[in-house]
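The values are calculated or read from the model by the stated rules, or taken from the named source; none is laboratory data. In this text the structure is predicted, and so the values were computed from the model without any measurement. Here Cβ is always computed from backbone atoms with ideal geometry, including for glycine, and neighbour counts include all displayed protein chains. To get the accessible areas, we keep the full protein, side chains included, count just its heavy atoms, and leave off ligands, DNA and RNA. Shrake-Rupley method; radii C 1.70, N 1.55, O 1.52, S 1.80 Å.
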Protein chains: 2
Amino acid sequence: MNKLLLFALAGGLACSTPAAAQSKEKLDGAALAKIRDEGMNRSKVMETAFYLTDVSGPRLANSEGLKRANEWTKKQLTQYGLVNANIEAWGDFGRGWDVDKSYVAMTAPYYHSMIGFPKAWTPSTPGPLRLPVVVMKTPTTEADLDQYKGKLRGKIVVMSVPTPPKPSAEPDLKRYTDEELSKMADPTAARPASNMPDAAAMATRRAQMALRTKMSELMMSEGAAAVLSARGGIYGTFNTTNGAPYAADATPVLPEVEMAPEDQLRLIRLVEAGVPVEVELETKTRFQTQDLKGYNVVAEIPGTDRKLKSEVVMLGGHLDSWHAATGATDNAAGCAVMMEAVRILKTTGLKPRRTIRIALWGEEEQGLHGSRNYVKNHFADPATMKLLPDHEKLAAYFNLDNGGGKIRGIYAQGNEAVAPIFAEWLKPFADLGATTVTLRNTGSTDHIAFDAVGLPGFQFIQDGLDYFPTTHHTNQDTYDRLIADDLKQASVVVASFVYDAAMRDQKLPRKPLPAPAKAQ
Amino acid sequence: MNKLLLFALAGGLACSTPAAAQSKEKLDGAALAKIRDEGMNRSKVMETAFYLTDVSGPRLANSEGLKRANEWTKKQLTQYGLVNANIEAWGDFGRGWDVDKSYVAMTAPYYHSMIGFPKAWTPSTPGPLRLPVVVMKTPTTEADLDQYKGKLRGKIVVMSVPTPPKPSAEPDLKRYTDEELSKMADPTAARPASNMPDAAAMATRRAQMALRTKMSELMMSEGAAAVLSARGGIYGTFNTTNGAPYAADATPVLPEVEMAPEDQLRLIRLVEAGVPVEVELETKTRFQTQDLKGYNVVAEIPGTDRKLKSEVVMLGGHLDSWHAATGATDNAAGCAVMMEAVRILKTTGLKPRRTIRIALWGEEEQGLHGSRNYVKNHFADPATMKLLPDHEKLAAYFNLDNGGGKIRGIYAQGNEAVAPIFAEWLKPFADLGATTVTLRNTGSTDHIAFDAVGLPGFQFIQDGLDYFPTTHHTNQDTYDRLIADDLKQASVVVASFVYDAAMRDQKLPRKPLPAPAKAQ
């Protein structure tokens, strides 16, 4: 899940009552029973998750790990019997980047090995450094930077920690209560406040970004050696992100390591008490500029109905992850479930009328690049809303990217006509806890690329488990977080929804086409 | 708190009703108000905790960090105005050991920096190693070891993980509920089951220890290069302990690193799936054999009553810690509170009738060595129960070593006569949440050394916070875990109890003398 976009869509559209019309969905009970039996009793989803996480490794956009995962998934989908498996370039992305070494420790006043990892797209240190540190408070004005002039040369800059680590008031694993689900299902219930920033907040954010650039320039021009920073996390878990743009022509920055807040705070407390502090730091990172393209992996189960097989039901999730862990819940889980869903559909020998196409997206974490460009290349450009011929052929797109939790329902994304259909489709899964249709929007991931051009793209509601605050974009998003029963359940629900959509006489109803974004 | 002993005393003695006799404790309200004002409004406890943790560093038995802490506390107690401050040798302990470097990463199939730290008293690697790994299952019989013969040479041995990391079903911070406290106070309430192992369990443990020695011998004789092991923890937190004896003549072992379970499990999963795994490992550890003694830090506030000043009220906690963090909750918190208590008593200018003596114990984590030997040197040897002259002079000993939580009451340690006295002494602190006297025993720390020779030694009841399972003996027991309000409250309660004990006409009542341990 991409956090940058989280704010943009959480607010959703205005309240409205779902269509009261009774849906008359014809469900194939025998087929659904087959899907359920295969998915619950002969699941491969954990094995798939293992290959995506442990074997592929971290899957940062355009990294070697993502390449390994692309190649493995293409091969594996072909082995499942899917056709047209392809690692399809979606366009130009930017530099590849991988880590070959990361070591950071305090060496004075005594030795303490610290927990940290290079921020994505930051350069290597020039060999091992062993240098005194200087603490820099996050500036609020450009004038705040002046005090550091003349003080940074040959130093490791330790940035202040915005918020100290805070123990959670909740258990690690969270699941939706019936009450919470009822509230989501009730179109008259109050919605969570929109996180959409207002103009003032946007201006503040731009100012902060500009200041951050000035700060970076100052560190470079003053000859600082490297930067340690900490954004969030607790007890050995830390949040991770990029420390430089991925663009091939990005302005150079210093080596920067993202730290466990406790380790960063110890350095700061010691410096502030007047204790001389020395840090040893070595990072080896490697840029790749031979291939700047981004890729999605796609593969198909061909439809069998003469009239409908040119229509497509898509399912997908993003295969890329952040770099300090193996992106198990963000989003190997979603990809493993989607791969398992098509495996189940192939293995059971069911004959979908429409073509089913799985897409494992690249470069989601940098702005849904893989899915947005796929949509632009195949269906429509939201800027112009000039529709390509395939736009009318897409029956539905289903996405999974809210961690490793089981499915509790689906976001209808403001599509009132589809809500009663989904309610019918969920009925067979009440005993598995998947019951809820909400009209609410959810954002921050790849179904938004489809929704943005008026295509019926949906994301499932999942139990949160330890996604927030523990695994999402942290160094602790590893295979160990995955719960087999949750992923099996999700695979069965997704396979069934995809099958239902592939068999239905009509494509899923759509919302009105949006206006071109350019004109808005 | 020393876990080895935890089981031994949790069961406690048989149920009994506290003496119903009304205590007529004369409390000096004006003095207690002064103590409270100083402790709540001009506290230095967090500053003290900072020096004990961040500035001293990890304080493993006979390490440089513990030496720094010994020296700082002696100096600081003298600055507070205490007298006879002394770093007092308690006897022979064993080797000093410090860490100068710790680096562990997976380098194939891809790079992954791992979280780990050398087990205490393990040797250095011979420079940086970069070697394939072999997974070894914890043996249950000696025959299980045979399969590894011929397979270990030049390998890094990755031990299996006894239990996978398990998310907690509770919030990070726990506090006692009123109901839990009532149950502790009720002598008729069911007690927690004793953890005291029975003969069969003890035999199993001995057999496991013997097997562990065989395993270690096998690894050495087969030429394995190093060991990675993981015992517990989750999300970047891991448990830590020693990997070799501290005795100067201990049998050599391999370098061994204690790992975050997730990192260890990834290695194991990859190896078991047939993926070649390579690990880079470098540890630099340093033994010190010049001074094998162990030490306690003691200092006094002299009594002012001609007749009573030869009697002593003691308070203390252990200053040593495990080595992968700075032992903030185990037990810098307890020491900071005890130091703050004597600071408060000196600063307020109160004139205690009896002498007050603070003791900051060394080598608690290896078996309460500091306190046990202090008691043996000054009061009595539990083996013979021959009493030294000072045995009758000790009015009370108060200990604090259950994490960083505020005080909720006190364990009367089966001393029925003292329970109503403590109940009176707690009354002024009801508004601060310290209300409960329980007859139950608690063990695992230094008051046991006093209790073992019939001296009135007590430990306070404290809110658990995140002590179990997160901070106790882990790499995450850092200053960040300490909560100023909790430590201020504890300082005030302790200072008041110590003052009450120093002013009381009689020494605190004692339990009957135990029989010599030798004869038992």
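Projecting the Cα atoms of A:Gly274, A:Thr240, A:Pro164 onto the dipole axis of the stretch A:97-288, where Lys and Arg carry +1 and Asp and Glu carry -1 at the beta carbon, places A:Gly274 farthest toward the positive end. Sparsely packed loop sites in the stretch B:111-163 (the trypsin sites (Lys or Arg not before Pro) outside DSSP H, G, I, E and B with at most 14 other Cβ atoms within 10 Å) comprise B:Lys137, B:Lys149, B:Lys151, B:Arg153.
Any number yet on Rg/Rh for the stretch A:151-263, C-alpha, Kirkwood?
1.11
The rotation axis that maps chain A onto chain B passes nearest to the beta carbon of this chain A residue, listed with its distance in whole angstrom: A:Gly236, 1.
The spacing between the stretch B:117-174 and the stretch B:191-264, judged by their C-alpha centroids, is 9 Å.
For a distance above 17 Å, tell me the whole-number percent of Cα pairs in the stretch A:466-520 that qualify. Intermediate values should be presented prior to the final figure.
Values: 983 of 1485 pairs.
The proportion of pairs with Cα distances above 17 Å equals 66 percent.
Treating each Cα of chain A as one equal point scatterer and applying the Debye formula with no solvent, the log10 of I(q)/I(0) at q = 0.09, 0.13 Å⁻¹ comes out as -0.66, -1.25.
Amide H contacts for A:Met136 (H built 1.01 Å from N in the peptide plane; partners 5 or more residues away or on another chain; cut-off under 5 Å): A:Val158, A:Met159, A:Ser160.
Below 8 Å, C-alpha to C-alpha, sequence gap of six or more: please give me the relative contact order for chain B in percent. Numbers along the way, then the final one.
Working: 1208 pairs, mean separation 133.5, N = 520.
Over chain B, the number comes to 26 percent.
With an a/c value of 1.5 or above and a/b larger than b/c for the gyration tensor axes a ≥ b ≥ c computed over the alpha-carbon atoms, the protein assembly as shown is described as prolate. B:Lys75 exposes around 110 Å² of accessible area when a 1.4 Å probe is run over every protein chain in place.
Where does the charge balance sit around A:Leu32 when Lys and Arg score +1, Asp and Glu -1, over other residues with C-beta under 13 Å from its C-beta?
Working: positive: A:Lys26, A:Lys34, A:Arg36, A:Lys427; negative: A:Glu25, A:Asp28, A:Asp37, A:Glu38, A:Glu424, A:Asp431, A:Asp500.
In short, -3.
Within a straight-line Cα-Cα reach of under 17 Å, B:Lys427 can be paired with the following lysines, leaving aside sequence neighbours fewer than 8 residues apart in one chain: B:Lys24, B:Lys26, B:Lys34, B:Lys406. Straight-line cross-link reach from B:Lys393 at under 19 Å between alpha-carbon atoms covers these aspartates and glutamates, not counting any fewer than eight positions away in the same chain: B:Glu300, B:Asp305, B:Glu311, B:Asp381, B:Asp446, B:Asp451, B:Asp500, B:Asp505. For B:Ala203, inter-copy separations between label points set 7 Å beyond Cα along the Cβ vector come to 8.1 nm, shortest first. Put simply, the amide H of A:Ile410, placed in the peptide plane, has neighbours under 5 Å in A:Thr436, A:Val437, A:Thr438, A:Ile461, leaving out anything fewer than 5 places away on its chain. A 1.4 Å probe, protein heavy atoms only, puts the accessible area of A:Thr289 near 80 Å². With protein chains left intact and a 1.4 Å probe, residues in the stretch B:420-520 average 28 Å² of accessible area per residue. Which whole-number percent gives the relative contact order of the stretch B:96-288, counting Cα pairs below 8 Å spaced six or more residues apart? Contact order relative to length: 47 percent.
Other chains' Cβ within 10 Å of A:169-177 residues: what's the mean?
3
Over chain B, dividing the summed -39,500 (n - 2.57) contributions of all DSSP H runs of at least 4 residues by the number of residues returns a 222 nm mean residue ellipticity of -8500 deg cm²/dmol. Determine the relative contact order of the stretch B:243-371: mean sequence separation of Cα pairs under 8 Å and six or more apart, normalised by residue count, in whole percent. That works out to 30 percent.
For A:Ile156, the solvent-accessible surface computed with a 1.4 Å probe is close to 0 Å², ligands and nucleic acids excluded. The local environment of B:Arg510, defined by Cβ-Cβ distances under 15 Å, has a net charge of -1 under the rule Lys, Arg +1 and Asp, Glu -1.
The share of alpha-carbon pairs in the stretch A:97-288 lying farther apart than 31 Å comes to 28%. In nanometers and ordered shortest first, the copy-to-copy spacing of the B:Arg306 label point, defined 7 Å from Cα toward Cβ, is 12.2. For the stretch B:96-288, the number of Lys pairs separated by eight or more positions or lying on different chains, with C-alpha atoms closer than 25 Å, is 21. A simple charge model with +1 on the Cβ of Lys and Arg, -1 on the Cβ of Asp and Glu and nothing else charged puts the dipole of the stretch B:96-288 at about 360 debye relative to its Cα centre. Taken residue by residue and averaged, Cβ atoms of other chains lying within 10 Å of the Cβ of A:260-267 number 4.
Plainly put, the tip 7 Å out from Cα toward Cβ on A:Thr141 is 7.9 nm from that tip on each other copy, the closest given first.
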